[in-house]
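Single-structure report; data block below.
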Amino acid sequence: AQSVTQLDSHVSVSEGTPVLLRCNYSSSYSPSLFWYVQHPNKGLQLLLKYTSAATLVKGINGFEAEFKKSETSFHLTKPSAHMSDAAEYFCVVSVGGFKTIFGAGTRLFVKA
Amino acid sequence: ETGVTQSPTHLIKTRGQQVTLRCSSQSGHNTVSWYQQALGQGPQFIFQYYREEENGRGNFPPRFSGLQFPNYSSELNVNALELDDSALYLCASSLGGQGNSDTQYFGPGTRLTVL
């Protein structure tokens, strides 16, 4: 069975400081892993995806994530937060295309 | 912008009624998936269509049904609406045929309220 756990429901950082959003997954097969961002009243936007190539994946807007099979983790990071990063972030595991499972989400707050 | 559009933006229905939500996928995308996102939760997979056939379904009852058309449009139909059906409904289109690495492009969603 597949599952995904986002370890923090809320994360608060100051502008200019690093961001870490944590995600653990469980999968019986080799999954693809994604991070999506959802701004208020806007659709989900793909930040990055892992598909069994390089374990360090670079995405848009300075975000990156590292796939660690031994830890079954896919944490999202950014060196320096910007006010515009405030949003809801979802970690997603996909096996076989239609078995797509979203985490519960992490709300990122960025303080000035 | 992803090129995926949904209509209507908002909808209010009463319990027991039926509703049809519409989605227009990106041109060339053979796969469309529908999700239900309740307030404060992550999207839940409802079902997926590939070239007009359902090829995967989540834990949703049969009163949730869908159609996909050759012109890259699709529908989600919900019969006998219940209060718990109130949610944001998202459609996502993808090329299809790429297995689990297929990237999905999401529409802005339809907010359904059931009274």
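The values are calculated or read from the model by the stated rules, or taken from the named source; none is laboratory data. Being a predicted model, the structure only gives us computed values, none of them experimental. Virtual Cβ from ideal backbone geometry, glycine too; neighbours counted across all protein chains shown.
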Taking the range B:49-63 and keeping only residues that are assigned to a loop (DSSP other than H, G, I, E, B) and either closer than 17 Å to B:Tyr89 by Cα or β-branched (Val, Ile, Thr) (or both), one is left with B:Gly58, B:Asn59, B:Phe60, B:Pro61, B:Pro62, B:Arg63
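Quick check on the range A:102-112: of everything there that is more than 7 Å from chain B (Cβ to nearest Cβ) and of a type outside the set (S, T, N, Q), which residue is surrounded by the fewest Cβ atoms within 10 Å (Cβ to Cβ)? Write out each step before concluding.
At the first step, the residues of the range A:102-112 found to be more than 7 Å from chain B (Cβ to nearest Cβ) are A:106-112.
Next, only the ones that are of a type outside the set (S, T, N, Q) stay: A:107-112.
Values: A:Arg107: 16, A:Leu108: 21, A:Phe109: 13, A:Val110: 19, A:Lys111: 11, A:Ala112: 6.
Top of the filtered list is A:Ala112.
For the range B:87-100, give me each residue that is closer than 19 Å to B:Cys23 by Cβ and part of a loop (DSSP other than H, G, I, E, B).
Passing the criteria: B:Leu95, B:Gly96.
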Scanning the range B:28-48 for residues that are in a loop (DSSP other than H, G, I, E, B) and farther than 15 Å from A:Gly105 by Cα, the one nearest to the other protein chains (Cβ to nearest Cβ) turns out to be B:Asn30
B:Gly42 passes all but one of the listed conditions (1) under 25 Å from B:Thr113 (Cβ atoms); (2) in contact (Cβ under 8 Å) with a residue 12 or more places away in the chain; (3) buried (at least 18 other Cβ atoms within 10 Å of the Cβ); the exception is number (2)
Quiz item: buried (at least 16 other Cβ atoms within 10 Å of the Cβ), β-branched (Val, Ile, Thr), facing chain B (nearest Cβ under 9 Å) and within 15 Å of the chain's Cα centre (by Cα): does that describe A:Val92?
Solution: yes
Every listed condition ((1) over 23 Å from A:Leu46 (Cβ atoms); (2) in contact with a strand residue (DSSP E or B) (Cβ under 6 Å, 6 or more places away or on another chain)) holds for B:Leu115 save (2)
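For the structure I just gave you, tell me whether B:Leu90 is under 26 Å from A:Val57 (Cβ atoms), at pLDDT 95 or above and either within 11 Å of chain A (Cβ to nearest Cβ) or loosely packed, with under 14 Cβ neighbours inside 10 Å (or both). Give the derivation first.
On the way: under 26 Å from A:Val57 (Cβ atoms): yes; at pLDDT 95 or above: yes; either within 11 Å of chain A (Cβ to nearest Cβ) or loosely packed, with under 14 Cβ neighbours inside 10 Å (or both): yes.
So B:Leu90 passes the test.
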Scanning the range A:60-86 residue by residue, the ones that are surrounded by 20 or more Cβ atoms within 10 Å (Cβ to Cβ) and among the hydrophobic types (A, V, I, L, M, F, W, C) total 6
Checked the range B:9-27 for anything under 27 Å from A:Tyr89 (Cα atoms) and outside any loop (DSSP other than H, G, I, E, B); matches are B:His10, B:Leu11, B:Leu21, B:Arg22, B:Cys23, B:Ser24
By residue number, the members of the range A:32-55 that are surrounded by 13 or more Cβ atoms within 10 Å (Cβ to Cβ), hydrophobic (A, V, I, L, M, F, W, C) and more than 16 Å from A:Arg107 (Cβ to Cβ) are A:Leu33, A:Phe34, A:Leu46, A:Leu48
Checked the range A:29-69 for anything within 10 Å of chain B (Cβ to nearest Cβ), of a type in the set (Gly, Ala, Ser) and not in a strand (DSSP E or B); matches are A:Ser30, A:Gly43, A:Ser52, A:Ala53
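Tell me, please, whether a residue that is within 14 Å of chain A (Cβ to nearest Cβ) and either part of a loop (DSSP other than H, G, I, E, B) or without any contact (Cβ under 8 Å) to a residue 40 or more places away in the chain (or both) can be found in the range B:64-76. Give the derivation first.
Initial filter on the range B:64-76 (within 14 Å of chain A (Cβ to nearest Cβ)): B:66, B:68.
In the following step, the residues that additionally are either part of a loop (DSSP other than H, G, I, E, B) or without any contact (Cβ under 8 Å) to a residue 40 or more places away in the chain (or both) were identified as B:66, B:68.
Yes, because at least one residue in the range B:64-76 is within 14 Å of chain A (Cβ to nearest Cβ) and either part of a loop (DSSP other than H, G, I, E, B) or without any contact (Cβ under 8 Å) to a residue 40 or more places away in the chain (or both).
Report, by residue number, each residue of the range A:70-95 that is under 18 Å from A:Gln38 (Cβ atoms) and part of a strand (DSSP E or B).
First pass over the range A:70-95, keeping only residues under 18 Å from A:Gln38 (Cβ atoms): A:74, A:76, A:78, A:81-94.
Result: A:Phe74, A:Leu76, A:Lys78, A:Ala87, A:Glu88, A:Tyr89, A:Phe90, A:Cys91, A:Val92, A:Val93, A:Ser94.
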Exactly one of B:Gln68, B:Gln104 is more than 25 Å from A:Val37 (Cα to Cα), surrounded by 18 or more Cβ atoms within 10 Å (Cβ to Cβ) and not aromatic (Phe, Trp, Tyr), and that residue is B:Gln68
